[in-house]
Amino acid sequence: MEVHKKKATHYYELAAIKGDVTARYNLGNSELLIDNVDRALQHHMIAAGSGKSDSLDRIKELYLDGHATKEDYTNALRLYQAYVDEIKSPQRDKAAAFNDLSRYY
């Protein structure tokens, strides 16, 4: 089983390096499972800055549990909001209003 975890982590790392936000989120969760909170926070910060709201939620949980600072959470909120502001457009707003699956914020 340990070989599969190492292999999975390896492929998540490759995908994250290439910009896959879900892989970055999964790496953050994997690091949390082994109590490596600092690395988990780094992965979730990158993912939040790339629009992964689940990572923003995870950072909030870390903050509420005392594993992240208020500054960490504030920074994550700023990164996430900057991403949303960058991709915002009238067409996306119209799609989001029509269908929740098209929601990007």
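Since every read-out is calculated from the coordinates, none of them should be taken as a lab result. Because the structure is predicted, anything quoted here is derived from the model rather than measured.
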Revision key, fill the gap. Among (1) 0.92; (2) 0.98; (3) 1.04, the value of Rg/Rh (Cα atoms, Kirkwood Rh) computed for this structure carries the label (3)
Study note, to complete from the structure: Computed over the chain: longest principal axis from alpha-carbon atoms vs helix 37-49 long axis, angle to nearest 10 degrees, is 20
Revision key, fill the gap. A correct Karplus calculation of ³J(HN,Hα) over segment 26-35, with 6.51 cos²θ - 1.76 cosθ + 1.60, θ = phi - 60°, whole Hz and x for Gly and Pro, returns 5, 4, x, 5, 4, 5, 5, 4, 9, 6
Exercise for review: Report the full-extension gain for the segment L14 to Q42: residue separation times 0.36 nm, less the Cα-Cα distance, to one decimal in nm.
Suggested key: 8.5 nm
Point to revise | MRE, 222 nm, helices only [DSSP H, n ≥ 4, -39500 (n - 2.57), over the chain, to nearest 500] | key: -24500 deg cm²/dmol
Revision key, fill the gap. Rounded to the nearest 10, the angle in degrees between the Cα long axis of helix 53-64 and the longest principal axis of the Cα atoms of the chain comes to 60
